[in-house]
Amino acid sequence: MDQKSLDTIAESLTISYKVLDNIQDGKKVYRASITLTNKSSVKLEYGKWAVYFCHIRMIEPSILPDPNGAVVPEVGIRFHHINGWLFKFEPTESFVSLKKNDALVIKFKAQYYSAGRSDVMPNWYIAHEGLMSRIIQSTAGENLDFVEPFSRPCQWKRYDYIMENGSRRFDQYNPFTPEDRFDTNRTKQLQDQMIPIIPSPLEMKIDINKSLTISKDWVIRVQRDFEQEAKLLSEQMKSDKCSKSSENKTISIVFGEIELKCHEVRKKSEAYKLTISKKEENITILASDKPGAFYAIQSLLSLYKDGDVPECDILDAPRYSYRGMHLDVARNFHGKKQVLKLLETMAMYKMNKLHLHLTDDEGWRIEIPGLEQLTTVGARRGHDMKEQTCLVPLLGSGPYFDTSGSGYYSVEDYKEILMTARNRHIEVIPEIDVPGHSHAALKAMKARYDKYAAEDDMQSAEEYLVTDKNDLGIYKSVQMFTENAMNPGVESTYKFIDKVVRELKALHADISPLKTFHFGGDEVPYEAWQGSPACKKLIESGEVNSFDNLMEYFVKRVAKIVSDHGLALGAWQDGVIHDDVLLQPVKRSEFRNKKVFVYAWQNVWESGLAGCAYKLANEGYKVIMSQGTHLYFDHPYEPDPEERGLYWAARYIDTQKTFGFMPDNLYANADFKLTGDPVNKKDITKGSDENVPLKKSENIVGMQGQLWTELVRTSNQMDSMIFPRLLAVAERSWHKAPWESMKDDSKRKDSMKANWTQFAQALGCKELNRLDNLDVSYHLTPPGARIKNGKLVLNCTYPGLPMDYSLDEGITWQTYSQEVEVPANSTIHLQTRSANGKRKSRVVILKPRT
């Protein structure tokens, strides 16, 4: 094959991926097929070519991973597992040539199940020895049209089998129909007064019938150190700043102590009073510190519409000192512009922590002076199977360097992010994930080692090596990676970590001094160290008791480094809980750090892990509620194959579910098992008589939304997965609703739904339009619909958004305004539009009832 032939095949080869059946073979595997159709005049025949593609499940798990591959003899194809989610298939000698219009169906089995189109990655490519690799165009881009529809229950249901105890484990979920959605939305159509400000203030008296008009002759009077905050307000309202007092037409930002009555436990530096008086024709902001003044301005801007603001008195302070958003930029890179937009939006809703997940197996995204290979190798993905110049093309990034697989923040980029965050009172918390999830770092430091070793400078070569050169062990992480765990037995590992912490601290120093270093610590494959001579030597020396204690030894060493730099420590919960049986965290006293923040995420209800959040708080750790069942934004909004997202913690997480999360009452959030069956007490306690009680509630210091980006490659996809769910996190982390404290489950649920009605209307009628103005591509849920007495009735998840219907299969569309008579037995296409009308939801179909 020559380059021209390869190019022609890449342009003309049609690939079709189909999930055949998830449940026929029980829980261990599902059946799928890949169909190749040759549309070109160039024969595809046996040779030194291979098709590379990403697949989130192990293919032929009874055979792979195996260096000899897994052969499908019926079609002459051999599958190989490369690393992580990257696979390839190549022809064997029995491969039958594909002439023009010939098709080949490759049937195979893969691990567990696949129930969504986005499980399949785009940008499959064909490679041949000595030729330039080319993306197969039928798989290119983000529409995923080459993935066949999920039209039968055995394709979208994940399992149906008999467990060891004799009970049936059956997936209860089906895609929502328009009628299902209509019933869910129906309670949201009440014309209750919407929430005027999100997040809801602590105390508020408002009279929407009395309003002030702020005209050009209004001025902003600034006192004390509120210049930066006043500048923001001046830019937004186009009013001039001055230092002189005035009787009216003045917005005064003044210093003063805030009396919080019974709310003294709240953070006073973020408290404020906002008074808007129609009679006096003035607005007063009272705050004791800059953050409080800033948040008062956000409330004022939220009320500001077409030059008018309603009369009100607000006394406000946050529920939690930590109100965060976690963004993974390692799996797929999202650039500076997108992060700045996220910061701008977070600030509007009084969120104050951006947790940046900067490194993972698939990429290293921050420039570290003196360790250039971290970005020249670790920040790029392409077709280099030896990973000497870049990482392999994981997560559908393809063979080239111009996709979301490649990229990093330069020193200057990162500083701009820090400055933008500082001006909005947002703390940036960098995460360098160690010792697991470190494939990018391992490969980068191996490239650095090779460079200096070639120059015969072994001292420099070994200075920051994070692996044991003599380790020949083979292992596989949860995400199917080999070579992804730093070695705790070599001193250069700790020298590397110290170097990174020191450089990050220097980057922050002149802008926003680094307070917390997050070391990750999650999902470590402990078996990675069993073949390491360095780890064995460490154990033989008596410094570590056994292989089981290596992780704790590593964590304590890292914590000491971080403490020596005067920093607080951050970790995922499995970073400090290493006992899989007793689930007891490391004693808090083992860490010298003044604060250790632990992010509690593992709470799949039937796993028995939910109580770990309270164990951590009781032990003295500062706990950030980050529960996967309610706060993981990589999950879909609906249990539909067409909705983007993974579904390991819950089949779906919509905005209402996030809104209803009660961080102070964790077990009351338990709703459904992964199957969709209701949760009972025994599921949560895992055989224990009682749930773990929370004894030190003061150690629950905040909550955070999480976006992991394995399936999120574009800015629009990122926006859609985060928003509007993040507004619900802002609401719950700032404001404790009265219904959260209700003991009666039925009354609490009814009160929550009524509050959700107000919140949803605020989104549909105001907040989503504000997001449109920031170019935020928030998720749009399709309409609910039903036919009543021959008339079409629609409703919306966020009342106020425009909805459309089509009676001619989507050729022409009409905007819905009221019940409309439709012909009998009509098939009706439906969609929701964004507040500004420019974007559309996916189209759903209301079929005639039979």
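Coordinate-derived values only; no laboratory data. Note that the coordinates shown come from a computational prediction; the quantities given were computed from them, not determined experimentally. Ideal geometry is used to build each Cβ from the backbone, glycine not excepted, and the neighbour counts take in all protein chains shown.
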(request) Calculate the tail of P(r) for the stretch 452-540: the fraction of all Cα-Cα distances greater than 18 Å, expressed in %. (result) 57 percent
(message) Past the 26 angstrom mark, what percentage of all C-alpha to C-alpha distances in the stretch 556-684 do you count?
(response) 29 percent
(message) Using 0.36 nm times the number of residues separating Asp808 and Glu227, minus their current alpha carbon distance, what extension gain do you get?
(response) 203.4 nm
(request) May I ask for the net charge around Tyr400, where only other residues with Cβ less than 13 Å from the Cβ of Tyr400 are counted and Lys, Arg are +1 while Asp, Glu are -1? (result) +1
(message) How many angstrom lie between the Cα centre of the stretch 269-330 and the Cα centre of the stretch 802-850?
(response) 39 Å
(message) Positive end of the dipole of the chain, charges at C-beta (+1 Lys, Arg; -1 Asp, Glu), about the Cα centre: which of Pro73, Ile285, Pro399 has its Cα farthest in that direction?
(response) Ile285
(message) Please compute the contact order of the chain in relative form: average sequence separation of alpha-carbon pairs under 8 Å and at least six residues apart, divided by the residue count, as a percent.
(response) 11 percent
(message) Rg over Rh of the chain, using C-alpha atoms and the Kirkwood radius, what does it come to?
(response) 0.97
(request) Going by C-beta contacts inside 10 Å, put Met486, Met480 in order with the fewest on the left. (result) Met480, Met486
(request) With a 10 Å radius around each residue's Cβ, average the other Cβ atoms per peptide and rank 305-317, 691-703, highest first. (result) 305-317, 691-703
(message) Given a Förster distance of 30 Å, report the FRET efficiency between Val822 and Asp183 from their Cβ-Cβ distance, rounded to the nearest 0.05.
(response) 0.95
(message) Can you report the principal axis dimensions of the stretch 373-467 using only the alpha carbons, biggest first, rounded to whole angstrom?
(response) 48, 34, 25
(request) Give me the net charge of Cys312's neighbourhood, meaning all other residues with Cβ under 15 Å from the Cβ of Cys312; Lys, Arg count +1, Asp, Glu -1. (result) -2
(message) Which order do the peptides 286-296, 670-680 come out in when sorted by mean C-beta neighbours inside 10 angstrom, highest first?
(response) 286-296, 670-680
(message) Using the Kirkwood radius over C-alpha pairs as Rh, can you work out the diffusion coefficient of the stretch 725-835 via Stokes-Einstein at 37 °C, viscosity 0.692 mPa s, in µm² per second?
(response) 203 µm²/s
(request) Please work out how much length the chain gains when fully extended from Cys154 to Lys696, using 0.36 nm per residue of separation minus the C-alpha to C-alpha distance, in nm with one decimal. (result) 190.5 nm
(message) Using a 10 Å cut-off around each Cβ, can you sort Ser733, Ser114 from fewest to most neighbouring Cβ atoms?
(response) Ser114, Ser733
(request) Name the residue farthest towards the positive end of the dipole of the stretch 744-820 from the options Pro782, Tyr798, Ser746, assuming +1 on Cβ of Lys and Arg, -1 on Cβ of Asp and Glu, about the Cα centre. (result) Ser746
(message) What is the ratio of the Cα radius of gyration of the stretch 203-316 to 2.2 N^0.38 Å, with N the residue count, to two decimals?
(response) 0.99
(message) Quick check: Cα centre of the stretch 411-435 to Cα centre of the stretch 119-155, how many Å?
(response) 35 Å
(request) Send over the semi-axes of the stretch 322-736's equivalent ellipsoid, whole angstrom and largest first, taken as the square roots of 5 times the C-alpha gyration tensor eigenvalues. (result) 32, 26, 21
(message) Sorting check: for 346-356, 211-221, which peptide has the highest mean count of neighbouring beta carbons within 10 Å, and how do the rest follow?
(response) 346-356, 211-221
(request) Return an integer: the convex hull volume of the alpha-carbon atoms of the stretch 1-149, in Å³ per residue. (result) 108 Å³
(request) Specify which residue in the list Ile314, Ala568, Ala379 is farthest towards the positive end of the charge dipole of the chain, using unit charges on the beta carbon of Lys, Arg (+1) and Asp, Glu (-1), about the Cα centre. (result) Ile314
(request) Please report the base-10 log of the normalised intensity I(q)/I(0) for the stretch 729-790, using a Debye sum with one equal scatterer per alpha carbon and no solvent, at each q in 0.20, 0.28 (1/Å). (result) -0.94, -1.18
(request) Treat every Asp and Glu Cβ in the stretch 3-160 as -1 and every Lys and Arg Cβ as +1, leave all other atoms uncharged, and give the resulting dipole magnitude about the Cα centre to the nearest 20 debye. (result) 240 debye
(message) Nothing charged except the Cβ atoms of Lys and Arg (+1) and of Asp and Glu (-1): what's the magnitude of the dipole of the chain about its Cα centre? Round to the nearest 20 debye.
(response) 1640 debye
(request) For the stretch 203-316, give the magnitude of the charge dipole about the Cα centre (Cβ charges: +1 Lys/Arg, -1 Asp/Glu; no others), in debye to the nearest 20. (result) 120 debye
